[in-house]
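Enquirer: Before we start, here is the structure in question, set down as structure tokens.
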């Protein structure tokens, strides 16, 4: 027998669903499907799509390369200040994107704490460059890899590593052949979420790298610019991000809901 849910809860749930779903439905309804391909294949949109893929994929690779070892340290090592370090490295998840961009300027801008040295010594300038857009996307997406990987490492029984060591496996070999395969699903989920986050990054990118077509203008920045002159084009580009986001959520639905259908 199906249990009846309390009416007030059903009403609140329905209102909450409408609040979240209505903007997405409105985008789909208002999207210029007749000129959708024309909009996406235009010079500006095509460049923004290419740059978005370049920035998001590179940011995801960097997030995995640096984030997974950091997650391992947070999960396994015991040292003073570990809680503070964990809070700092996942801070970008809750940090306002514009504040993240200001922080990147303060650290890596031409007059920043480290950026000034890079410019004077190595002639490297990150602001208003594609590399700067990659740094901004990595900054906001890497915490998602760290959170997923650390959860996976903590759920892994240390005895498997100890057994590998007893059998003569070196620590690096055991880490690559025993630990990483066991946490591969968590790593894949974290990498996918990081990629989606990097693909949709806006605030930190426009603050740190600017909005230069062909250099730093990714899809979200192109949407922002088109909204002022071509609202239909902005909606068409927005639908690209909506479709990608839905695809990622569908692919990761079992990880997000804990196996529920």
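The values are calculated or read from the model by the stated rules, or taken from the named source; none is laboratory data. As the structure is a prediction and not an experimental result, all values here were calculated from the model. Please note: Cβ atoms are built from the backbone with ideal geometry, for glycine as well, and neighbour counts cover all protein chains shown.
Enquirer: If you check 21, 29, which single one turns out to be out of contact with any strand residue (DSSP E or B) (no Cβ under 7 Å at 6 or more places or on another chain), exposed (fewer than 11 other Cβ atoms within 10 Å of the Cβ) and closer than 20 Å to residue 200 by Cβ? So that I can check it myself, show each step before the final result.
Expert: Numbers: 29 fails: closer than 20 Å to residue 200 by Cβ.
Of 21, 29, the one residue that is out of contact with any strand residue (DSSP E or B) (no Cβ under 7 Å at 6 or more places or on another chain), exposed (fewer than 11 other Cβ atoms within 10 Å of the Cβ) and closer than 20 Å to residue 200 by Cβ is 21.
Enquirer: Surrounded by 14 or more Cβ atoms within 10 Å (Cβ to Cβ) and assigned to a helix (DSSP H, G or I): does that describe residue 12?
Expert: Answer is no for this residue.
Enquirer: State whether the residues of region 157-173 include one that is farther than 30 Å from residue 86 by Cβ, modelled with pLDDT of 80 or more and in a helix (DSSP H, G or I).
Expert: No, region 157-173 contains no residue that is farther than 30 Å from residue 86 by Cβ, modelled with pLDDT of 80 or more and in a helix (DSSP H, G or I).
Enquirer: Which number in (1) buried (at least 19 other Cβ atoms within 10 Å of the Cβ); (2) within 16 Å of residue 221 (Cα to Cα); (3) modelled with pLDDT of 90 or more marks the one condition that residue 39 misses?
Expert: Every listed condition holds for residue 39 apart from (3).
Enquirer: Let me ask something additional. If you go through region 73-120, how many residues are buried (at least 18 other Cβ atoms within 10 Å of the Cβ), at pLDDT below 90 and either more than 20 Å from residue 203 (Cβ to Cβ) or touching a strand residue (DSSP E or B) at 6+ places or on another chain (Cβ under 6 Å) (or both)?
Expert: Residues flagged as buried (at least 18 other Cβ atoms within 10 Å of the Cβ), at pLDDT below 90 and either more than 20 Å from residue 203 (Cβ to Cβ) or touching a strand residue (DSSP E or B) at 6+ places or on another chain (Cβ under 6 Å) (or both) within region 73-120 amount to 2.
Enquirer: Could you please find all residues in region 63-85 being without any contact (Cβ under 8 Å) to a residue 60 or more places away in the chain and either part of a helix (DSSP H, G or I) or in contact with a helix residue (DSSP H, G or I) (Cβ under 6 Å, 6 or more places away or on another chain) (or both)?
Expert: Within region 63-85, 65, 69, 73, 82, 83, 84, 85 qualify.
Enquirer: Could you tell me whether region 134-150 includes any residue that is surrounded by fewer than 13 Cβ atoms within 10 Å (Cβ to Cβ), within 23 Å of residue 209 (Cα to Cα) and at pLDDT 90 or above?
Expert: Within region 134-150, not a single residue is surrounded by fewer than 13 Cβ atoms within 10 Å (Cβ to Cβ), within 23 Å of residue 209 (Cα to Cα) and at pLDDT 90 or above.
Enquirer: I would also like to ask the following. In region 180-217, what residues are under 16 Å from the mean Cα position of the chain (by Cα) and at positive phi?
Expert: Correct list: empty.
Enquirer: While we're looking at this one, here's another question. Find the residue count for region 26-41, including only residues that are touching a residue at least 24 places away in the same chain (Cβ under 8 Å) and either part of a helix (DSSP H, G or I) or out of contact with any helix residue (DSSP H, G or I) (no Cβ under 7 Å at 6 or more places or on another chain) (or both).
Expert: Number satisfying all stated conditions: 7.
Enquirer: Turning to a different aspect of this structure: Of all residues in region 227-253, count the ones that are touching a residue at least 60 places away in the same chain (Cβ under 8 Å) and in a helix (DSSP H, G or I).
Expert: Going through region 227-253 one residue at a time, the tally reaches 9.
Enquirer: Just to be sure, is residue 60 within 30 Å of residue 115 (Cβ to Cβ) and touching a helix residue (DSSP H, G or I) at 6+ places or on another chain (Cβ under 7 Å)?
Expert: Taking the combined requirement at face value, the residue satisfies it.
Enquirer: Further, regarding this structure: Within region 122-133, track down each residue that is surrounded by fewer than 24 Cβ atoms within 10 Å (Cβ to Cβ) and part of a helix (DSSP H, G or I).
Expert: 122, 130, 131
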